[in-house]
Amino acid sequence: MNISKHMEFIFLGALALIGASAAATAAVPALMAPLAPTAYIQTLQDNEMQTVVVAAKRLTAEEKAALGE
């Protein structure tokens, strides 16, 4: 199929879709449109960062092999 024959139809179809979507979004009143949620962030009273300490021994080669089986 030769697409150059149908370029006018493709253009008019795209134009109709753009026009319909613009008209549909413009028709919504400002009061009926949902408001964007507002995020409230609480600040810490003491500015200490929480840290996690992990204390564990490393596995030996034999223990790693036993876990793989």
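Annotations for the structure displayed:
- Full extension of the segment from residue 20 to residue 8, taken as 0.36 nm per residue of separation minus the current Cα-Cα distance, would add 2.5 nm.
- Residue-wise HN-Hα coupling along the stretch 54-60, computed from phi with Karplus coefficients 6.51, -1.76, 1.60 (Hz; x: Gly, Pro): 10, 10, 8, 8, 7, 7, 7
- Here the 3J(HN,Hα) profile of the stretch 2-15, calculated from phi with Karplus coefficients 6.51, -1.76 and 1.60 at θ = phi - 60°, is 8, 6, 5, 5, 9, 5, 5, 5, 5, 5, 5, x, 5, 5 Hz, Gly and Pro shown as x.
None of the figures in this text is laboratory data; all of them are computed from the coordinates on show. In this text, all values refer to a predicted model and were calculated from it rather than measured experimentally.
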